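Worksheet for the structure shown next.
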Amino acid sequence: MSLFLSWVVILLIGVTSVGVLLARDWRWLIIFLAIQYIGVFVLVLEHWTLGMATVKVIAGWMGAAILGMTRSNLIEEEENQNAPPQGRFFRLVAAGVVGLIAITGAPVVGSIMANAGTVVSTGSLLLIGMGLLHLGVSDEAMRVTISLMTLLAGFEILYAAVETSVLVAALLATINLGLALAGSYLMIASSAREEDGTEETV
């Protein structure tokens, strides 16, 4: 991969992960998550074959589709209720700190993890950090699920440099789909509880 294309992929991952952190509309969350997996696909392709890397992006898109279809069937809520509690300025500053840590720590992590490479390590640390940040400021089921999927995607990018087993690729894809299904169930259960509470109040 050329140096220019490598940093374009890093920029894509950075923009989509920040977009997930800042977006208030659930539709944008799904769009950013789906685009994010394109960047994951390109970075994983550095160490995995095309077929194995394709499994990764397909599993991610299927997970995003599961969350999107579930959310589209639920009653629309006020967008402010789905937004993280902190303001956008705080989240931008926190995302900048995560990006700085990812860039400065990538060379060391890359050398430790079987010479994964600076670009791969940067993308991995960026997704892991942004996933943890989003997880820390969110309590809504859909956002928590997307945070966990982002965190797992970052881990998978780095782990791809160490392990090239087909079985491991299938296991990680299954975990992604399991997370999406669990998040879908929690979204439905949360919506049902809210409807029951509304009916009791009335």
Need at least 1 residues that are closer than 28 Å to Arg27 by Cβ, open to solvent by 20 Å² or more (accessible area, probe 1.4 Å) and among the charged types (D, E, K, R) per element, so show me which helices (runs of 4 or more DSSP H) inside the range 86-202 make the cut, counting only ones lying wholly within it. 88-112, 166-201
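Every residue, every condition in (1) surrounded by 17 or more Cβ atoms within 10 Å (Cβ to Cβ); (2) more than 12 Å from Ala169 (Cα to Cα), yes or no:
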| site | (1), (2) |
| --- | --- |
| Ala34 | yes, yes |
| Ile38 | no, yes |
| Phe41 | yes, yes |
| Leu45 | yes, yes |
| Trp48 | yes, no |
| Lys56 | yes, no |
| Gly60 | yes, yes |
| Ala65 | no, yes |
| Gly68 | yes, yes |
Please return the ranges of helices (runs of 4 or more DSSP H) entirely within the range 1-78 where 1 or more residues are closer than 22 Å to Phe89 by Cα and at pLDDT 90 or above. 3-22, 26-44
What tally of residues in the range 6-32 results from selecting those that are surrounded by fewer than 19 Cβ atoms within 10 Å (Cβ to Cβ) and in contact (Cβ under 8 Å) with a residue 24 or more places away in the chain? 6
How many of the residues making up the range 158-175 are modelled with pLDDT of 90 or more and closer than 19 Å to Gly129 by Cβ? 0
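The values are calculated or read from the model by the stated rules, or taken from the named source; none is laboratory data. Being a predicted model, the structure only gives us computed values, none of them experimental. With ideal geometry, Cβ positions are generated from the backbone for all residues, glycine too; neighbour counts draw on all protein chains shown. Side chains are part of the model used for accessible areas, which takes the heavy atoms of the whole protein and leaves out ligands, DNA and RNA. Shrake-Rupley method; radii C 1.70, N 1.55, O 1.52, S 1.80 Å.
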